[in-house]
Number of protein chains: 2
Amino acid sequence: MAHSGTTDCLRLIYNPDMSASFEERLHRYARLVILGGINIQSGQELIIGADVAETPFVRLLTEEAYKAGATNVFVIYSDEPSTLIRYAHGSDQAISYAPKWFADALGSRVENGAAYLRVFGSNPALLKDVDPKKVAISGKAGAEASKKMQDAFSNMLSNFAIVGHPSTAWAQAVFPDERAELALSRLWNAVFTCTYVDEEDPVQAWNEHCAAIESRRDLLNAKNFQALHFEGPGTDLRVGLAEGQRFAGGRVVTRPGIICSPNVPTEEVFGMPHKDKVEGVVHSTKPLSVRGRMVDGIEMEFQKGAVVSAKAKQGDEVLQRLLETDEGARRLGEVALVPNSSRVSKADILFLNTLYDENAACHIAIGQALGENMEGYGKMTPEERATRGANDSLIHVDWMIGSDQVDIDGVTQAGSTEPLMRSGEWV
Amino acid sequence: MAHSGTTDCLRLIYNPDMSASFEERLHRYARLVILGGINIQSGQELIIGADVAETPFVRLLTEEAYKAGATNVFVIYSDEPSTLIRYAHGSDQAISYAPKWFADALGSRVENGAAYLRVFGSNPALLKDVDPKKVAISGKAGAEASKKMQDAFSNMLSNFAIVGHPSTAWAQAVFPDERAELALSRLWNAVFTCTYVDEEDPVQAWNEHCAAIESRRDLLNAKNFQALHFEGPGTDLRVGLAEGQRFAGGRVVTRPGIICSPNVPTEEVFGMPHKDKVEGVVHSTKPLSVRGRMVDGIEMEFQKGAVVSAKAKQGDEVLQRLLETDEGARRLGEVALVPNSSRVSKADILFLNTLYDENAACHIAIGQALGENMEGYGKMTPEERATRGANDSLIHVDWMIGSDQVDIDGVTQAGSTEPLMRSGEWV
């Protein structure tokens, strides 16, 4: 009964002409996410964040989670039209309010071992007609309210994952010249390819893919570089690395010892910049979608780690507001290496979704550093972290700086350089 | 943009042929619920509990709440197919688990002034193929977990309301011989009629209707009866009233002084039985839907307030499990008077939904007493409440005992009787 209902709803929401094979692939995707992504444990509680339009997929996730022995699946749904209604009719008080009581309860539960899975398929242009000032106020309130949750993630207190879910609006933004159904179908195909769903055993294929990233990560860590140097059109950037930082990538081991894949898909090996040791200029190589708005053509200059000038050809106002969030918003929290030969890169699609686009090219992120990049990060005081060069901020926004025209060198502790990537590929 | 999205979704979910007038009526209903039902205050937070299938209506509620000055609208969605998936694939541990961490957070928020609105349109037969033992275990766990929330309601700490929302499954259960769309349309028409949505000014009409109930309530309270006596086919029941109880009905005033209508629709004037002073036999006059199962033909005998024998022609197992919940499940927590001339009764529909059916006939409820029926209830200790005769239980289940063949008398403190209802109408 549940199954027949699910199928009807799938046809209704995803595509009236949807083939049986799509349903099967969607179910395989759900299984991959539960077993290969979040890796839910028997006896563990699962919390899912999703949009109401994703309900049919959430049902498949719920089924797989219970089959894997989950104690409970708790879903917190958002709804894009309701978000717009709030911006249209909410008072100033409403716009600056975030339900901290709920975020705290959620954070406590994750601290106590619940797994958290975010299903993500937002319309990249959702907020294009909303006053960016309101969006910034609301975004900051939301980030402040969910600090406990963010800390739980940074400190890897439990297994968590974020996975993509195409919506019609997202697909149409990516393929503006296609019919809606075809756009959606193309985007789903890309998602299934990038996440190894079409392989004979998706979970095994996924784990092998992650293992390959992890061996690249281990090689980089063995080199013990003091900095990475990016050089390309409009870019000459030296990213000093935080003291005692380690590159991460592929799967992670949480504090309680559960192995999970925080991002599905993933292609990157990423490290922690030193918040005071970034120097030079950098140009973005792809547009990004931030808070429902497009930002493109970013040009930024850093001195002693901090942004000293920044502009964007498109969405400059959003960029400026981001940088004004707090002191840490003007410094780097992540630097990541991705080869052009990655599946996401080979899909040759501008996904307008960081989860995907950050896996198509090398990138940096302004804002919060990631706990995965430092041994013992979770047990350090904020002062200890800062001394090592770890950045602290309410935001973490990735943007692409790699392309087949950008070269990357590693700078050894002795000061010599070693070629790492040439024309977008590992040397 | 929000509006056009909402409209598309309304057409999709409610009825592809839906007329513009339906949309308008649905919006009027949302306005009535926000202004006449929950009566949201400017600066107040609203928490809505709803099913994902009710999203389009929730959007209208959200719009009206923000227009009325709500600080935030937080929606917690349930999903019927996911409920079945849980029963089908959840372990024993999963079935006996309820997320108390969330219920507590919700309860605390309501204690601190958030309004709570429940949108209710469950499929009455949802759980018909699920093991009743599992349903009972899960139901008890859920009730125990949400005790804080229930106490907040009983003590009227904030404004709350429960309102109906027809679903296709509910409509088809009510009108099994109709086409799905026609069944849904008939049920919506009944909902709009019973809630005064088709009146020129629904909020004003609603408030006038409530005022009429309130004057009946005040008259009953002035009589200061010690008991009510029900007599009809298979029924000879004397319901002693709790000490210091007062009849309630219509709107209530919460502890912070907000006037709200806890039930939309409402037709009843209800009082608090004395948990030790119910004597005699009683037959149900309508079936009811409990935990997704039909229960019909109840015959119950009381001595000194407690059930000494009980059986149901249909759904007896569910009834027995209900009675086994705790000691208070075998005693009465409510007795209510409803005239046959009420709009709900005149609709002449077996709604299979207590919110509606309890407004079509006089009824009693086994389980928890209602704080509205006793002055100062919220400040009393459990012992003080028990001394007055207020019943305590995890459940509160209403069932119908009135019809045009049942007469009701009031028993004065001096022991004489006064006719209250004859053939289902107020004398």
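A:A414 is checked against (1) farther than 22 Å from A:T254 by Cα; (2) open to solvent by 10 Å² or more (accessible area, probe 1.4 Å); (3) in contact (Cβ under 8 Å) with a residue 40 or more places away in the chain and fails just one. What number does that condition carry?
(3)
Taking segment B:167-177, which residues are buried (at least 23 other Cβ atoms within 10 Å of the Cβ) and without any contact (Cβ under 8 Å) to a residue 40 or more places away in the chain?
Residue satisfying the conditions is B:A171 alone.
Which one of B:V253, B:V269 is β-branched (V, I, T) and open to solvent by 40 Å² or more (accessible area, probe 1.4 Å)?
Result: B:V253 is the single residue among B:V253, B:V269 that is β-branched (V, I, T) and open to solvent by 40 Å² or more (accessible area, probe 1.4 Å).
In this structure, is A:G121 buried (at least 22 other Cβ atoms within 10 Å of the Cβ), modelled with pLDDT under 95, of a type outside the set (A, V, I, L, M) and within 24 Å of A:F192 (Cα to Cα)?
So A:G121 fits the description; yes.
Any idea which of B:E372, B:E384 is of a type in the set (D, E) and either open to solvent by 50 Å² or more (accessible area, probe 1.4 Å) or touching an Asp or Glu at 6+ places or on another chain (Cβ under 6 Å) (or both)?
On inspection, the qualifying residue turns out to be B:E384.
The conditions are (1) crowded, with 18+ Cβ neighbours inside 10 Å; (2) more than 9 Å from every other protein chain (Cβ to nearest Cβ); (3) without any contact (Cβ under 8 Å) to a residue 24 or more places away in the chain, and B:A105 fails exactly one of them. Which is it?
Going through the list (1) crowded, with 18+ Cβ neighbours inside 10 Å; (2) more than 9 Å from every other protein chain (Cβ to nearest Cβ); (3) without any contact (Cβ under 8 Å) to a residue 24 or more places away in the chain, B:A105 breaks only (2).
Does A:K100 qualify as being among the basic types (K, R) and within 9 Å of chain B (Cβ to nearest Cβ)? Steps first, answer last, please.
Numbers: among the basic types (K, R): yes; within 9 Å of chain B (Cβ to nearest Cβ): no.
When the stated conditions are applied, A:K100 does not pass them.
Residue by residue, here is whether (1) open to solvent by less than 20 Å² (accessible area, probe 1.4 Å); (2) more than 19 Å from B:K147 (Cα to Cα); (3) at pLDDT below 95; (4) among the aromatic types (F, W, Y) holds:
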| site | (1), (2), (3), (4) |
| --- | --- |
| B:G333 | yes, no, no, no |
| B:S345 | no, yes, yes, no |
| B:I349 | no, yes, yes, no |
| B:G378 | no, no, yes, no |
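Take B:E317 and tell me if it is surrounded by fewer than 19 Cβ atoms within 10 Å (Cβ to Cβ) and within 29 Å of B:N159 (Cα to Cα).
no
For B:S185, state whether it is of a type in the set (S, T, N, Q) and outside any helix (DSSP H, G or I).
No.
Of all residues being surrounded by 20 or more Cβ atoms within 10 Å (Cβ to Cβ) and part of a loop (DSSP other than H, G, I, E, B) in segment A:131-166, which is nearest to the chain's Cα centre (by Cα)? Just the residue, please.
So the residue we want is A:H165.
Are any of the residues in segment B:88-96 in contact (Cβ under 8 Å) with a residue 24 or more places away in the chain, at negative phi and facing chain A (nearest Cβ under 7 Å)?
no
Answer with yes or no whether B:D398 is within 15 Å of the chain's Cα centre (by Cα) and either modelled with pLDDT of 95 or more or outside any helix (DSSP H, G or I) (or both).
Numbers: within 15 Å of the chain's Cα centre (by Cα): yes; either modelled with pLDDT of 95 or more or outside any helix (DSSP H, G or I) (or both): yes.
The answer is yes for B:D398.
Looking at segment A:39-61 only, could you name the residues that are closer than 28 Å to B:T55 by Cα, open to solvent by less than 20 Å² (accessible area, probe 1.4 Å) and among the aliphatic types (A, V, I, L, M)?
Scanning segment A:39-61 gives A:L46, A:I47, A:I48, A:A50, A:V52, A:V58, A:L60, A:L61.
Could you grab the pairs with beta carbons closer than 6 Å, sequence gap of 6+ or different chains, first residue in segment B:141-161 and closer than 13 Å to B:G378 by Cα, second one in a helix (DSSP H, G or I) and open to solvent by 20 Å² or more (accessible area, probe 1.4 Å)?
Within 6 Å, the pairs are B:K148/B:D104; B:A152/B:E111; B:N155/B:G378; B:L157/B:E111.
Could you tell me whether any residue of segment A:40-53 is within 10 Å of another protein chain (Cβ to nearest Cβ) and assigned to a helix (DSSP H, G or I)?
yes
Which of (1) more than 10 Å from chain A (Cβ to nearest Cβ); (2) out of contact with any Asp or Glu (no Cβ under 6 Å at 6 or more places or on another chain); (3) assigned to a helix (DSSP H, G or I) is the odd one out, the single condition B:P124 does not satisfy?
(3)
Tell me whether segment A:196-205 contains one or more residues that are touching a residue at least 12 places away in the same chain (Cβ under 8 Å) and in a helix (DSSP H, G or I).
Within segment A:196-205, one or more residues are touching a residue at least 12 places away in the same chain (Cβ under 8 Å) and in a helix (DSSP H, G or I).
Confirm whether A:L323 is at pLDDT 95 or above, in contact with a Pro (Cβ under 6 Å, 6 or more places away or on another chain) and either surrounded by fewer than 22 Cβ atoms within 10 Å (Cβ to Cβ) or of a type outside the set (G, A, S) (or both).
no
Within segment B:206-225, is even one residue farther than 30 Å from B:A369 by Cβ, open to solvent by 20 Å² or more (accessible area, probe 1.4 Å) and either at pLDDT below 95 or in a helix (DSSP H, G or I) (or both)?
Within segment B:206-225 (the criterion being farther than 30 Å from B:A369 by Cβ, open to solvent by 20 Å² or more (accessible area, probe 1.4 Å) and either at pLDDT below 95 or in a helix (DSSP H, G or I) (or both)), the answer is no, since none of the residues qualifies.
Tally the residues that are over 22 Å from the mean Cα position of the chain (by Cα) and either in contact (Cβ under 8 Å) with a residue 12 or more places away in the chain or surrounded by 17 or more Cβ atoms within 10 Å (Cβ to Cβ) (or both), restricting the search to segment B:178-195. Step through it out loud before you land on a result.
Step one: filter segment B:178-195 for residues over 22 Å from the mean Cα position of the chain (by Cα), giving B:178-183, B:185.
Those left that are additionally either in contact (Cβ under 8 Å) with a residue 12 or more places away in the chain or surrounded by 17 or more Cβ atoms within 10 Å (Cβ to Cβ) (or both): B:180-181, B:183, B:185.
The total comes to 4.
Run B:F230 past the list (1) closer than 28 Å to B:C194 by Cβ; (2) in contact with a Ser or Thr (Cβ under 9 Å, 6 or more places away or on another chain); (3) in a strand (DSSP E or B) and report the number of the one that doesn't hold.
(2)
Examine segment A:256-271 for a residue that is under 20 Å from A:N373 (Cβ atoms) and free of Cβ contacts under 8 Å to residues at least 40 places away in the same chain, and state whether such a residue exists.
Checking segment A:256-271: at least one residue is under 20 Å from A:N373 (Cβ atoms) and free of Cβ contacts under 8 Å to residues at least 40 places away in the same chain.
State all residues of segment A:62-87 that are open to solvent by less than 30 Å² (accessible area, probe 1.4 Å), among the small types (G, A, S) and either within 16 Å of B:F74 (Cβ to Cβ) or facing chain B (nearest Cβ under 7 Å) (or both); if no residue qualifies, say none.
A:G69, A:A70, A:S82, listed by residue number.
The values are calculated or read from the model by the stated rules, or taken from the named source; none is laboratory data. Because the structure is predicted, anything quoted here is derived from the model rather than measured. Note: ideal-geometry Cβ built from the backbone for every residue, glycine included; neighbour counts use all protein chains shown. Ligands, DNA and RNA are stripped out before the accessible areas are found, and what is left, the full protein with its side chains, is counted by its heavy atoms. Shrake-Rupley method; radii C 1.70, N 1.55, O 1.52, S 1.80 Å.
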